[in-house]
Structure formats: structure tokens, C-alpha cells
1. Sort out which residues of segment 103-126 are closer than 21 Å to ARG209 by Cβ and either in a loop (DSSP other than H, G, I, E, B) or free of Cβ contacts under 8 Å to residues at least 40 places away in the same chain (or both), and write them in order of number.
2. With respect to GLU31, determine if the residue is modelled with pLDDT of 95 or more, among the acidic types (Asp, Glu), at negative phi and part of a helix (DSSP H, G or I).
3. If we scan segment 35-47, do we find a residue that is among the hydroxyl-bearing types (Ser, Thr, Tyr), closer than 27 Å to PHE210 by Cα and touching a Gly at 6+ places or on another chain (Cβ under 7 Å)?
4. Name the strands (runs of 3 or more DSSP E) wholly inside segment 141-238 in which the number of residues that are of a type in the set (Asp, Glu) is 2 or more.
5. For residues that are of a type in the set (Gly, Ala, Ser) and farther than 12 Å from ILE5 by Cα, scanning just segment 89-111, find the one that is surrounded by the fewest Cβ atoms within 10 Å (Cβ to Cβ).
6. Quick one: in segment 194-219, which of the residues that are in contact with a helix residue (DSSP H, G or I) (Cβ under 9 Å, 6 or more places away or on another chain), surrounded by fewer than 17 Cβ atoms within 10 Å (Cβ to Cβ) and touching a residue at least 24 places away in the same chain (Cβ under 8 Å) is nearest to GLU248 (Cα to Cα)?
7. Hey, any hits in segment 75-88 for a residue that's surrounded by fewer than 18 Cβ atoms within 10 Å (Cβ to Cβ) and either more than 15 Å from the chain's Cα centre (by Cα) or on the phi > 0 side of the Ramachandran plot (or both)?
8. Between LEU58, LEU40, LEU34, which is within 18 Å of ALA129 (Cβ to Cβ), without any contact (Cβ under 8 Å) to a residue 24 or more places away in the chain and aliphatic (A, V, I, L, M)?
Amino acid sequence: MRIIISPAKKMKIDTDSLDYHQLPEFIKDTEILLEYLKGLSYEDVKSVWNCSDKIAVLNYERIQNMELYRNLTPAILAFEGIQYQYMAPVVFQTNEFAYLEKHLRILSGFYGMLSPFDGVAPYRLEMQAKLKGDKLNSLYEFWNSKLADKLFSESNCIVNLASKEYSKCISDYLNEKIRFVTCVFGETIGEKVIEKGTLVKMARGEMVRFMAENKIEDVEDIKSFNRLNYVFADHLSDKNTYVFLKKEK
């Protein structure tokens, strides 16, 4: 079993807490992307990022000075978004880190796919970014089936905790041998199950923590997840979609 999650836009450098174990699997592809980004003007790269000047200036400087092989942070500690805050890797025990190293994969527009202890540098490049090159205009085309092929070589059961922007890098290449279980965290409004962005990110982080703390090896066992007032809704779920509803207070 493998768990896939999205990266976060906000990143930090932490070379003190834990050592990274290895370089990312697709580092040579990352070199190509870095060379491309370094060749863009400030205005062009800002439009790729689609962000404010404050964020663009920070990341433009990062790109110009980036080193892919020195002063690296383990990926699990580098991302700072809501999902990672609720995962709270800084308080994991050694055996929980070992579980994540085996089971967790972080999808990335820049690095492709990361194991938790791959060494990374802070970057900004969303998977759906519209690039400016003649030969490089879509990260979905750039990565193609590489990420899915690698993931499927590791396991035939995938727990999807990633956003659609990232999970489509995997789901577009599914075959009959792969079980792909997407977790939905929502609440019932009328007759519909509605997901709310921030709450979903919180729940995804809690689910990763739950799986690590309980050493989950069988996808059926995640149905017992009951954190943040979410409970499994059997009547709304099927083999490939597990729905968790927020209990009314």
C-alpha cells in the first residue's frame, strides 16, 4: 500500500532536526525544470507562479540561487501547509517515520514524486502551472506516466489523499491491476456531500498521522478513522471511494 498526498506552497529550510536519506528519484528531471525556470524573466516566472510580487521576489531569488545537491531538508519537514501541520511530523517517533518512509509519497510539480526523507530545496511550482516554453508548456505532459509507473511498481493499492490537481498524475494511468481508493472528507448539506477546503486539508493530515500511529497495512482498516469528528459513511462509500462525514455536534 502507498499513500499519496499533495505538496504545500509554503516551504522552509530545516537542516538541523533530521538528516535527509537520499536524493529524489527524479532529480535529473528536476534539473531540466530548474534550468528552464532560471531562463525565464522575472515577469514570465511570476506569471507561471500566478502570485503577488512579494511571493514572486522570494521565489525568483530562490530559483536563481538554488542548489539541488546541498543544504537539503527532508521533504516531510520542508512543507508547511495545513495538511502538514495536522500531520505534525516533528513529533513522530522513529517507528512512525519508518512507516511513512515506506508508505507515503508526496507528489510534486518540481520533483515529481518524493519519499518523506528525500532531500529538497524550497521551490514554487504547482502541477497545473502554465509554462511558457515551446517544448515545455505542461507539467502533466512533462511527467507523463513516470510518476504512476514508479508508484505502481511499488504497490497495487493506492490511498489517495491528494488534491485532484496532483492525483490526476496517477489516476490518469490506472489499470485493472491497481486499486485506487480516494478518501472524501465532507459534511451533508441537503442531499449532497460537500467538502470544505481547509477542513479537508486538516483531515488528510490527520489521516496520515492516524495511519502512521496505527501502522495501517490493510486499506480496510482506515475505515476506523474517527478524528476531527469524522466517521466512515458506509452507505455513501464504495470500493474506490471512502467517504468520511463530519458528525453533527
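1. SER115, PRO116, PHE117 - these are the residues of segment 103-126 that are closer than 21 Å to ARG209 by Cβ and either in a loop (DSSP other than H, G, I, E, B) or free of Cβ contacts under 8 Å to residues at least 40 places away in the same chain (or both).
2. Working: modelled with pLDDT of 95 or more: yes; among the acidic types (Asp, Glu): yes; at negative phi: yes; part of a helix (DSSP H, G or I): yes.
Answer is yes for this residue.
3. There is no residue in segment 35-47 that is among the hydroxyl-bearing types (Ser, Thr, Tyr), closer than 27 Å to PHE210 by Cα and touching a Gly at 6+ places or on another chain (Cβ under 7 Å).
4. Because the criterion is at least 2 residues that are of a type in the set (Asp, Glu), no strands (runs of 3 or more DSSP E) in segment 141-238 meet it.
5. Step one: list which residues in segment 89-111 are of a type in the set (Gly, Ala, Ser), which gives 98, 108-109.
Those still in the list that are farther than 12 Å from ILE5 by Cα too: 98, 109.
Values: ALA98: 14, GLY109: 23.
Among them, the one singled out is ALA98.
6. That would be THR198.
7. Yes, segment 75-88 has at least one match.
8. Details: LEU40 fails: without any contact (Cβ under 8 Å) to a residue 24 or more places away in the chain; LEU34 fails: without any contact (Cβ under 8 Å) to a residue 24 or more places away in the chain.
Being within 18 Å of ALA129 (Cβ to Cβ), without any contact (Cβ under 8 Å) to a residue 24 or more places away in the chain and aliphatic (A, V, I, L, M) holds for just one of LEU58, LEU40, LEU34, which is LEU58.
The values are calculated or read from the model by the stated rules, or taken from the named source; none is laboratory data. Treat the numbers as computed from the prediction; the structure is a model and nothing was measured. FYI the Cβ positions are ideal-geometry reconstructions off the backbone, even for glycines, and counts take in every protein chain you see.
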